[in-house]
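Reading through the structure tokens given below for one structure.
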Amino acid sequence: MTDPALAPWAIVDASFVAASKTLAELPPEQGPELAFAGRSNVGKSSLLNLLLGRRRLVRTSTTPGCTRQLAFFHARARDGRAFLLVDLPGYGYAKRSKGERRSWARLVEDYLGTRAALRAVVVLLDARHGVTDTDAQLLELLDTGARARPHVIVVATKADKLQKSRQRAAIDALERAAGRKLIATSAVSGQGVEAIWRALRAATDASAP
Ligand code: GDP
């Protein structure tokens, strides 16, 4: 088996670019943007670090749901292609006030609806928890409301927590609930990283301006 670190899609250079609390603070559009969304604690930071090939570039949330900002990370692959990965604020944290949830929704919806450089949105679902109402709302928003019409890639995180023998059935059930194909991932084993990069790169190929 070839070493994944030597694959053309493997990230050889990754760095933090900016964190934005408002649309006015977004960094300039400088290449294809790939956004990541999911409920707090779904494993978004862990997956982003895995995709970036870095252990702790994206901070794992110590207080779930606390950060209401978009964080941008530059990534350059071995074959020279460059992307901006965008960590959208985690949603669905029960202890948030209605006002906080509204401002999360506004920031994310405005970003998704207006950002011309946005090529793909990765929606993360916990492999054990199914599709929650907020997940379903986000999927619907991406289908109907996002003007930039990014590709949507749905990922089931923490697949290692499913019993091996039950993995396929659990993923099938999630796919039925989400109404689309999923990529199963694990930040523990690295499962799914190549599949996600392939899907993301195909999305940026297909919609290049
Ligand atoms: P975020 O809030 O969505 O950014 O989630 P984190 O990446 O901070 O992960 C939340 C918790 O789930 C942490 O304790 C992680 O160690 C754990 N976690 C994340 N991904 C995985 C995974 O693929 N497998 C397992 N077993 N645990 C994970």
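The values are calculated or read from the model by the stated rules, or taken from the named source; none is laboratory data. Given the structure is predicted, the values throughout are model-derived calculations rather than measurements. No Cβ is skipped: glycine too gets one built from the backbone with ideal geometry, and neighbour counts run over all protein chains shown. These accessible areas exclude ligands, DNA and RNA; they are computed on the full protein's heavy atoms, side chains included. Shrake-Rupley method; radii C 1.70, N 1.55, O 1.52, S 1.80 Å.
With a/c under 1.5 counting as rounded, go ahead and sort region 76-209 into rounded, prolate or oblate using the C-alpha gyration tensor (a ≥ b ≥ c being the square roots of the eigenvalues; past the cut-off, prolate if a/b is larger than b/c, else oblate).
oblate
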Length gained, D205-K98, 0.36 nm per residue minus C-alpha separation, equals 34.6 nm
Pairwise Lys count, region 4-207 - Cα closer than 22 Å, eight or more residues apart or different chains: 10
Would you grab the residues whose amide H sits under 5 Å from the one on D126? Only those 5+ places off in sequence or on another chain, please, with H modelled 1.01 Å from N. T157
Classified through the alpha carbon gyration tensor (a ≥ b ≥ c as square roots of its eigenvalues; rounded if a/c is under 1.5, else prolate when a/b is larger than b/c, else oblate), region 132-175 comes out prolate
Distance histogram for region 140-209 (every C-alpha pair counted, 10 angstrom bins, percent rounded to whole numbers): 18, 43, 31, 8, 0
Report the full-extension gain for the segment K161 to V188: residue separation times 0.36 nm, less the Cα-Cα distance, to one decimal in nm. 8.8 nm
Take each uninterrupted DSSP H stretch in the chain, measure its Cα extent along the helix axis, and return the ones at 18 Å or beyond whose mean Kyte-Doolittle hydropathy is at least 0.0. 193-206
Placing +1 at every Lys and Arg Cβ and -1 at every Asp and Glu Cβ, with all other atoms neutral, what dipole size does region 102-209 have around its Cα centre, in debye to the nearest 20? 200
Taking only protein heavy atoms into account and a 1.4 Å probe, give the accessible area per residue of the chain in Å². 51
With +1 on each Lys and Arg Cβ and -1 on each Asp and Glu Cβ, how big is the dipole of the chain about its Cα centre, in debye rounded to the nearest 20? 520
By how many nm would the segment from A116 to L6 lengthen if fully extended, with 0.36 nm per residue of separation less the alpha-carbon distance? 36.5 nm
Give the calculated FRET efficiency between R59 and R176 to the nearest 0.05, with a Förster radius of 41 Å applied to their Cβ-Cβ distance. 0.75
Would you grab the residues whose amide H sits under 5 Å from the one on V152? Only those 5+ places off in sequence or on another chain, please, with H modelled 1.01 Å from N. V121
To check you understand DSSP bridge types, tell me what percent of the beta bridges within the chain (both residues inside) are antiparallel, rounded to 5. 40
